[in-house]
Every structure is written in structure tokens, then in C-alpha cells.
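The values are calculated or read from the model by the stated rules, or taken from the named source; none is laboratory data. Bear in mind the structure is a predicted one, so any value in this text is a computation, not a measurement. Here the Cβ is made from the backbone with ideal geometry for all residues, glycine too, and neighbour counts use every protein chain on show. Side chains included, ligands, DNA and RNA excluded: accessible areas come from the protein's heavy atoms. Shrake-Rupley method; radii C 1.70, N 1.55, O 1.52, S 1.80 Å.
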Amino acid sequence: MLCQECNERQATLHFTKIINGEKTEIHICDVCAKEKGDHIPGSKGFSIHQLLSGLLDFEQPVSHPTSQGGTSRREALRCPSCEMTYDKFAQIGRFGCADCYKTFQSKLDPIFKRIHSGNVVHGGKVPKRIGKDLHLHKEIEKRKQELQALIAKEEFEQAAELRDRIRSLEKSLAEKKEG
Amino acid sequence: MSLQQFISQAISPWMKKEGPNSDIVLSSRVRLARNIQDVPFPMLASTESLVSLSDRVKSEYSGHSHHRFGTIELLNTGDMKQNEKRVLVEKHLISPALSDESRAGAVLLSEDESLSVMINEEDHIRIQCLLSGFQLSEALKLANEVDDWLEDKLDFAFDEKRGYLTSCPTNVGTGLRASVMMHLPALVITRQMNRILPAVNQLGLVVRGIYGEGSEAQGNLFQISNQITLGKTEEDIVQDLQSVVLQLIQQERAARKALLEQSRVQMEDRVYRSYGILAYSRTMESKEATKRLSDVRLGIDMGIIKDVSANILNELMILTQPGFLQQYAGEVLSPEQRDQRRATLIRDRLRLETKKDN
């Protein structure tokens, strides 16, 4: 079979693309494959992120009408810190900053499930220094909720004790940050 | 520069140590991806903030001594010549992306080159520990120590639920990629790889040919690594990989034994033919070189060839890459010139072995 690009050399790369059920076949030679570069998987220009974006973009409607009907809900999702939109994230397969994880929170579980065989919650190492703070933060949050509950029940004596406990926790957190 | 001198400079000290099961597992690698709190990931960060990060790492860590790795030095990719960077890529100490695409890219290197920390690659920090042979747990332990050492002074982006936050969702959680480079010629010759690969993939591991594309692994070298980084502990990830690697080692050994018992003459023929070609060729493409070197290494491991040292495959696989050939030649080479230099280098290297015996 001759290369469909140059019609001179033998085609050595056979590549079938199926997008939304539409099948395209490409038969080209080494030389043209290198020139076409980006469009052929396995060539240098093809990255894991492009592969991934297929995975991330599963909310994409099958047909892509050029709608002018205002901004969709998806477009509205924009990270306040780095301005990354969910659309862009889905397209390039990379987060812009740590805050993107919070901004796109509602969309991430299905994506992580696909990539990490069903896992969505970290089960490994916790950094030593920041990890301790996290632990304290968590405890303070929990105590504050308990405090609200006590106040609601008008158990003021216990509430006062708890308030002091929270203060001392907050103090040790502040000391840690300064130290 | 003499060939011996060149080799001693070109081959990382960690490679010279013979690790466990090094007849099949050439090297073990653990990589941890980390990012700095409140700085956008390198793709979106301002060049200013990336420069300030690499400067900060330099002032806090470069020239300092780590109790395991000795003195650590920081190199800025911006200060390096193209070929110097290429050589680091061929030694697997930095990635092609850090070499060519990063802004304010830098690498912290230990003296024995078993530790490299890339700065401002896809993530702000990528810790990598490389050891010879099958030493994944050891590599993880070392990488963890370096992680703690860096975390002492740098605030890493970490989320209680998602773990270490990374630029790519495939790395989130542990940020851990553990991998081994395996030489599996007997499984390829006996056509068992086609059966094994899908099974390994099903276990959440990825198998890739090295120095080759797709399923065609040049030199019968395969890289096996974990795919999942979220939801499991670092130790579990490494253990799962280890158990599969151990099975592959056993299968490869069994296949080698069977080949020797059932087709000794054919194996000897294959090995000696390749040896002859390596010893006498005047021009050789890298693809053929890796193939022949794989045969000779198999011959050494099977006891067919006795007077050549086993690390010749690892050594020449790196030395015959374009960057090294050009560094040795001291000039830029055309592909044809490289093929000639490659053939010469291999002949000279093999001659070193025979000289050693006399």
C-alpha cells in the first residue's frame, strides 16, 4: 500500500481513528508520519495529556453545534486563583494550580475513578510539617461544631470549657506557624 | 580523552554497583511529584515565580550535604549547552521536557547521580531515585527521605482528601511512579510477552518498550511501572509492582533455561553472530546496536560468553546514544557519522574487555 500523503513510499504506519463512531483510516510512510507529527499517536508530539483529555471530556456532547446561546454551566466553572476553566482543563488534561482541585471538586470523582481504578481518596503519605497543622485544623473544626451544638442546647458551662479548649488549640496552631 | 576515561565519566556511579537480580532487572526508579503551595503549577506560573522557586531551592539546598547522598548541586538548564542537557537526558537524570521546554528549569543532582530532583518540570518538584538492579523498596525509602528533607523548608501543596496535588490528574495522591527496567529477551524469543503484557496491564501496571515505540521494544528492554497513584499507600504500590516483577523474573529465568536445554546451538549461534557483528562492523544504526547488545548480554547471562562483563549492555546502551557520541567526538555529528562512531565505540569497548584478560 502506498502512503496516502506522498503517494511515493510504502505506507508503514496504519492508524485507525474512531471518534463518535466515525471511522477514519490513515496509511502513511515513516517520512510523512514524522512530518505530520502531532496527529499520530506514538509520535513525539502526542502526549499523555492529549490521551487523557479524551478521558476527561466525557461530558462533551456528541455533536458539537456552534451554539451562541450564552455561557453554559461548564464554562462558568473557572478557578479564581489561576483562571483555568473546566473546559480548558478537560481539553489539556492538566490542572493550573492547587486551587483547581477545589474549583472543579464536583467533577473530579468520576475522573479520578477512571484513572485510578475506582479510587478517589488519598491513602498514602501525609507531609510531616503541614500534616500536623492539618490535624490541628481538623480538630478545631470539629470542636467548633460541637461548641455550636452545646450552645444550641444551652449547655453554657460545658460550652465555656470547650471554648477555652478551642482557644488553646488555635494558639498552638499559631505558634507552630510562627516557629 | 581515552575511552576508559570517557566511560568512567559517562556512566553514573550508581550504575556501576551491581544490584540484586541485575541479570534481569537493570535498574529501579522511584519518582515523587510535589508542588509548592500558593504557586500555580509550572505551566501557568509566571516566569518570575518559577525563577524565584529555583533560586530558593538553590540557596536552601545546593552545595549542602545530605547524610545519604553527600553533596547536592543545583544546575540550571538555562546555563547548560544543548549537548550537556542531552547527555543528562540520556542518563535518565532529567526529562526531555525539562531540557527543552521548561522555564527556569533546574536539577538538583547528587554526586553518584542516584538522586536527581527536577525543578519546574510539569510539577514544581520531581524527586527521582535511581538504583541498579531490583531495589524498589530501597529506592522508595531514599525518595521518602529526600521528600522529608525538602518538606522541611518547602510548603508542599497537599489536600487531606486528594493527597499531594499534581499538575496531571494521573499523578495525584502519592505522586509516586515506581518503575523497573527489565531485560526480557527469552520471554520475547519464546513469544510469551504477547501473553504476559495484557495480564500485567490488567493489574494496573504499565509496560513500555524502552528506546522504541509501541509494542516493539528495542533491545528487549521493558519498563514496568504503576499506573494508579491515588488511594493506595506508597508501600502497597511498590509491593504490587514488586510482586509482578518477581514473577516476571522467574518466568524469564525459566524461559532462558528452556532455551538452553532445547535450542542450545541456535542460541549460541544467535549470540555469537551478534557478538561478531558488534566486534567487526564499521557502521551501525542505534536500533541494530541495541538488538545485538541484547543478544550478547543474554549470552553473558546464560554463560555462553564468558569473558565479557555483564554491564556492557547498560553501558553501551547509554554510550551509543547520539548525545554521548557527540560528546565523545567533541563535535556535532550527522546521522551517518554517528553510525560510524557508534560502530567504532562498540568495537573499542569490546576490545577493552579482551585486553583486560591478557
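Restricting region A:82-124 to residues that are touching a Lys or Arg at 6+ places or on another chain (Cβ under 9 Å) and small (G, A, S), the residue that is surrounded by the fewest Cβ atoms within 10 Å (Cβ to Cβ) is A:G123. B:R126 meets each of the listed conditions (1) away from chain A (no Cβ under 14 Å); (2) open to solvent by less than 10 Å² (accessible area, probe 1.4 Å) apart from (2). Taking each residue of region B:111-122 that is under 13 Å from B:E73 (Cβ atoms) and looking for partners that are open to solvent by 30 Å² or more (accessible area, probe 1.4 Å) with beta-carbon atoms closer than 6 Å, six or more apart or interchain, yields B:E111/B:T71; B:D112/B:P13. Annotation note: of B:I249, B:I228, the sole residue that is outside any helix (DSSP H, G or I), of a type in the set (A, V, I, L, M) and either within 30 Å of A:K125 (Cβ to Cβ) or without any contact (Cβ under 8 Å) to a residue 12 or more places away in the chain (or both) is B:I228.
Within the option set B:R208, B:R256, B:R162, being touching a helix residue (DSSP H, G or I) at 6+ places or on another chain (Cβ under 8 Å) and within 14 Å of chain A (Cβ to nearest Cβ) holds for one residue only, B:R162.
A single member of B:D236, B:D269 is in a helix (DSSP H, G or I), without any contact (Cβ under 8 Å) to a residue 60 or more places away in the chain, surrounded by fewer than 21 Cβ atoms within 10 Å (Cβ to Cβ) and within 13 Å of chain A (Cβ to nearest Cβ), and it is B:D236. If you go through region A:125-134 and pick out every residue that is open to solvent by less than 80 Å² (accessible area, probe 1.4 Å) and either more than 7 Å from chain B (Cβ to nearest Cβ) or farther than 24 Å from A:L173 by Cα (or both), you end up with 3. The helices (runs of 4 or more DSSP H) falling completely within region A:78-165 that include 3 or more residues that are among the basic types (K, R) map to A:105-115, A:128-152.
Mind checking which residues of region A:100-123 are basic (K, R) and more than 9 Å from chain B (Cβ to nearest Cβ)? Of everything in region A:100-123, those that are basic (K, R) and more than 9 Å from chain B (Cβ to nearest Cβ) turn out to be A:K107, A:K113, A:R114. Across region A:152-167, the number of residues qualifying as open to solvent by less than 100 Å² (accessible area, probe 1.4 Å) and without any contact (Cβ under 8 Å) to a residue 12 or more places away in the chain comes to 5. Taking the listed residues B:S137, B:S132, B:S179, the one that is touching a helix residue (DSSP H, G or I) at 6+ places or on another chain (Cβ under 9 Å), more than 24 Å from A:N119 (Cβ to Cβ) and more than 10 Å from chain A (Cβ to nearest Cβ) is B:S132, with no other qualifying.
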